[in-house]
């Protein structure tokens, strides 16, 4: 393997860096989503929405404070600021949660573009080496072979990095979209039920 790496020429070093970064990001994101799946508390979210619907905002906030579920954190932030700007409070925390989920995806997107370009660059330099050996003298088969090897190896390396990276990138994007859809649904339900709970709470206050 190391022999082929050296045959690829100097372009293999930035390709190696791309592969290490991509692998590191993929592992980090996989661990992130495994952790996210473990901290989800669907039953708690439904309980919070039920409490909000009944106008029991303090009880709902107390129940949400100990949870690490992203939706529960969003609901908690909304409950803590519902007297001032519910929509603004929700928008800020939803943006923060989505940003956390999208972290490092831009790095993978960059590597998907850069790795094949580096492979092409290595191909061009390898061809130049091969053709350079043919100018003005008896061609040296070893130099020609080395140039062709460099061209082929860098192309393969660039594609070998980009293909699994684009698969991982699309998978993580799909996870983010799915989470964003769930968050959007819960936030909309929370806003509706919060208004309903405020109305019920006000009615109870009037009747008293």
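Computed from the coordinates by the stated procedures, all read-outs in this text should not be read as laboratory data. Since the model is a prediction, treat every value here as computed from it, not as a measurement. Cβ placement follows ideal geometry from the backbone for every residue including glycine, while neighbour counts extend to all protein chains displayed.
Dividing the C-alpha radius of gyration of the chain by 2.2 N^0.38 Å, with N its residue count, gives 1.65. With R₀ set to 30 Å, the beta-carbon distance separating residue 73 from residue 23 gives a calculated FRET efficiency near 0.50.
Listed from fewest to most Cβ neighbours within 10 Å, the set 45, 156 follows the order 156, 45.
Fewest-first ordering of 75, 192, 161 by other beta carbons within 10 Å of each residue's beta carbon gives 192, 161, 75.
The relative contact order of the chain comes to 31 percent, based on Cα pairs under 8 Å that sit 6 or more residues apart. Listing 187, 20 from fewest to most neighbouring C-beta atoms within 10 Å gives 20, 187. Placing R0 at 45 angstrom, the Cβ-Cβ distance between residue 30 and residue 128 gives a FRET efficiency of 0.65 after rounding to 0.05.
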